[in-house]
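Visitor: Structure incoming, see below.
Readers should treat all values here as calculations from the given coordinates under stated rules, not as data from a laboratory. Nothing here was measured: the structure is a model prediction, and the numbers come from that model. Reconstructed Cβ throughout: ideal geometry from the backbone, glycine too, with neighbour counts over all protein chains shown.
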Amino acid sequence: MDLRSIFPQSPLRYTISNHHLARTKFPFQFQSCLRQSLLPPAASIPRIVRIGTSSLTPRTRVRKCSADDQNTKPEEIHTRAEIASLQVETKFDFPSLWSQMKQIVIFCGPAIGMWICSPLMSLIDTIVIGKTSTMELAALGPGTAISDYLGFLFMFLGISTSSMIATSLAKKDKDLTQHQISILMFIALICGAGLFLLTKFFGRSMLTGFVGLKNSHLIPAADSYIQIRSLAFPAFLVSMICQSSSLGMKNSWGPMKALTVATAVNCIGDIILCSFFGFGIAGAAWATMASQIVAAFMMIQTLNKAGFNAFSLHVPSSAELFQIIKLAAPVFLITTSKVFFYSMLTYCTTAMGTITIASHQVIINLFLICSLLGNPLLQSAQAFMPEMICGIDRSLEKARMLFKSLTIIGFFGGLISGTVATLVVLFFPNIFTNDNLIVQKMHKVIFPLFMALVITPSTLAFEGILLSGRELGFLSLSMTGCFSLGVLLLMFICNRGGDLTGCWCVLAGFQWARFLLSLVRLTSSKGMLYTEKVTRINM
């Protein structure tokens with residue numbers, strides 16, 4: 001009996017087992033067929049088993065019962081007299097677009113707060129210091145640029161971790177997942193110690209090259225800030241690995257709770273050390289450092305509760321290290337290009353005076369916070385896409401539906417983040433500073449700020465999809481091109497005596513170029529979402 005002749009267009013899958021056949025109810029047309037067959041003995045009843053399918057057309061496989069099935073007593077099947085009480089278990093092959101978007105939003109909700117916490121700590125420092133000293137606020141610019149961007153240089157570890165963990169879990173290999181976590185935790189500790197030593201011995205030299213001799217008066221305050229922050233680099237990278245591992249497991253609530261506590265610690269520490277004891281920029285650094293250590297310990301506990309041992313460390317073999325480098329090197333190039341571009345933007349503003357530096361410091365922190373609203377979409381793509389392109393039930397149709405969902409969410413997310421940032425700069429600039437000259441400078445960059453933010457969530461979502469499909473070569477080339485062109489434009493503006501608005505217009509162009517290149521790649525008929533051969537080669 002061929003079920004496809006009974007349900008030729010149904011997008012459902014049917015599972016019938018001898019053991020629950022007696023307590024299930026079938027559709028009317030199927031009931032007639034069963035009445036005609038009069039339920040033959042159990043040994044001759046074919047079992048219809050659920051199979052994975054990657055298309056909208058249902059497929060059914062029928063096989064004879066196994067030896068265990070032959071031992072089933074007929075009474076277990078005929079426990080009910082009427083076939084009308086039988087029922088088919090059904091399951092949709094595809095969730096609707098709306099339900100998939102809802103699932104992504106539920107995942108992104110905690111992840112948004114999680115990604116906001118890190119720049120929010122720097123923003124809290126900016127608010128507290130901006131109320132006390134304009135000079136220290138200006139020194140906070142290069143200080144946070146070096147401290148945050150040195151950490152962000154190793155964001156490739158977090159992105160690689162999410163991709164590796166999600167892929168291994170899609171293949172149902174928990175032992176491999178634990179092994180990868182142990183290796184990545186070891187690498188994080190080594191890299192964190194290296195960053196601490198780099199800042200300890202070369203921090204002042206980096207600051208001197210960053211701000212120039214013209215602003216040498218900012219170096220002592222900025223140096224004290226980065227030296228204190230460097231103590232937390234190992235904890236910062238460990239928490240990044242734990243956070244990315246949890247996100248690869250589609251768990252965003254655990255890291256969110258940890259970073260919420262860390263942000264509260266940072267805020268309370270800033271108020272006590274800076275406002276009450278007057279420690280200034282050094283007090284802000286101590287508060288941020290303490291909050292990052294608290295976050296690391298809570299992240300480790302979250303990962304342990306998920307059934308993995310975050311304290312387990314494993315030195316990678318040369319082959320394992322090569323595989324990690326093979327994935328991480330292009331991701332490192334991508335993240336490094338973004339970090340260097342933002343650093344170059346700050347570097348160009350240092351030649352425009354203390355007021356311009358302070359204005360840029362406020363705007364760049366606001367931009368980083370609002371742009372991080374798109375990072376949960378990048379993580380969503382890395383968490384959900386691998387099972388659709390390399391998992392047991394892989395399906396390019398499902399992958400394209402996920403692409404549509406992420407595009408829609410990214411569009412509205414960009415509008416929200418751009419609008420919020422614009423309104424804050426227009427109506428609430430006194431949150432950051434009481435200096436009217438700084439506020440006037442901030443108002444001049446409202447338009448490029450909005451244009452840069454409106455497509456940032458979609459851009460990050462697209463790049464997350466490309467990373468999941470291992471389109472690493474394309475991402476490396478496109479990011480290198482955007483970075484090179486952006487730096488040339490920034491240097492041209494600086495050499496021609498440009499202002500802060502011109503620099504931010506270049507940033508907006510940098511974001512739009514990344515967006516358009518990724519969109520063209522994903523919608524191409526020969527791309528990873530439309531050609532299964534390309535996807536398999538990449539994976």
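Visitor: Express the relative contact order of region 157-275 as a whole percentage, based on alpha carbon pairs under 8 Å and six or more residues apart in sequence.
Guide: Averaging sequence separation for qualifying contacts and normalising by length gives 38 percent for region 157-275.
Visitor: How many nm separate the modelled label positions at Phe202 and Ser318, each set 7 Å beyond the Cα in the direction of the Cβ?
Guide: Output for this residue pair reads 2.7 nm.
Visitor: Just to be sure I understand the model, the point goes 7 Å from the Cα along the line to the Cβ. What's the resulting Tyr530 to Thr260 distance in nm?
Guide: Output for this residue pair reads 4.4 nm.
Visitor: On to the next question. Looking at this model, which pairs from Lys257/Lys404; Lys398/Lys526; Lys305/Lys326 are more than 19 angstrom apart at the alpha-carbon?
Guide: Result: Lys257/Lys404; Lys305/Lys326 exceed 19 Å.
Visitor: Within a Cβ distance under 10 Å of Arg514, other residues only, what is the Lys/Arg minus Asp/Glu net charge?
Guide: That sum, taken over residues with Cβ under 10 Å, equals 0.
Visitor: Continuing with the same structure: Can you list the HN-Hα couplings for region 367-374, worked out from phi with the Karplus curve (6.51, -1.76, 1.60; θ = phi - 60°), rounded to whole Hz and with x for Gly and Pro?
Guide: Using θ = phi - 60°, the values come out as 5, 5, 5, 5, 5, 6, 4, x Hz.
Visitor: Right, another one. Contour minus end-to-end for Asn430 and His443, with contour as 0.36 nm per residue of separation and end-to-end as the Cα-Cα distance?
Guide: 3.5 nm
Visitor: Also: Residue by residue, what Karplus-based ³J(HN,Hα) values in Hz, rounded to whole numbers, does region 281-298 have, using 6.51, -1.76 and 1.60 with θ = phi - 60° and x for Gly and Pro?
Guide: Each residue's phi maps through the Karplus curve to give 5, 5, x, 5, 5, 4, 5, 5, 4, 5, 5, 5, 5, 4, 4, 4, 5, 6 Hz.
Visitor: Could I ask something else about it? Most exposed first by the Cβ proxy, i.e. fewest other Cβ within 10 Å, how do Thr288, Thr263, Thr161, Thr523 rank?
Guide: Thr523, Thr263, Thr288, Thr161
Visitor: With only alpha-carbon atoms counted, please give the Rg and Dmax of region 92-251, in Å.
Guide: 19.6, 66
Visitor: By the gyration tensor of its Cα atoms, with a ≥ b ≥ c the square roots of the eigenvalues, what is the shape of region 191-330: rounded for a/c under 1.5, prolate for a/b over b/c, or oblate?
Guide: Taking the square roots of the gyration eigenvalues as a ≥ b ≥ c, region 191-330 is oblate.
Visitor: Pairs of Cα atoms under 8 Å, at least six residues apart: use those to get the relative contact order of region 97-538, whole percent.
Guide: Over region 97-538, the number comes to 22 percent.
Visitor: Turning to a different aspect of this structure: What distance in nm separates the simple spin-label points at Asp499 and Ser216, each placed 7 Å from Cα in the Cβ direction?
Guide: Inter-label distance under the simple model: 3.1 nm.
Visitor: Just to compare against my own numbers: the Cα pair-distance distribution for region 354-491, 5 Å bins, whole % per bin, please.
Guide: Pair shares across the bins are 2, 10, 16, 16, 16, 14, 10, 7, 5, 3, 1, 0.
Visitor: Could you give the Stokes-Einstein D for region 97-538 in µm² per second, using the C-alpha Kirkwood radius, 25 °C, 0.890 mPa s?
Guide: Rounded to a whole number, D works out at 111 µm²/s.
Visitor: With 10 angstrom as the radius, rank Lys214, Lys131, Lys398 by how many other C-beta atoms surround their C-beta, starting from the fewest.
Guide: Least crowded to most crowded, the residues run Lys214, Lys131, Lys398.
Visitor: Order of 371-377, 201-207 by packing, highest average Cβ count within 10 Å first?
Guide: Result, highest mean first: 371-377, 201-207.
Visitor: Would you please put 510-517, 451-458, 269-276 in order of how densely packed they are, using the mean number of other Cβ atoms within 10 angstrom per residue and starting with the highest?
Guide: Ranking, from highest mean packing down: 451-458, 510-517, 269-276.
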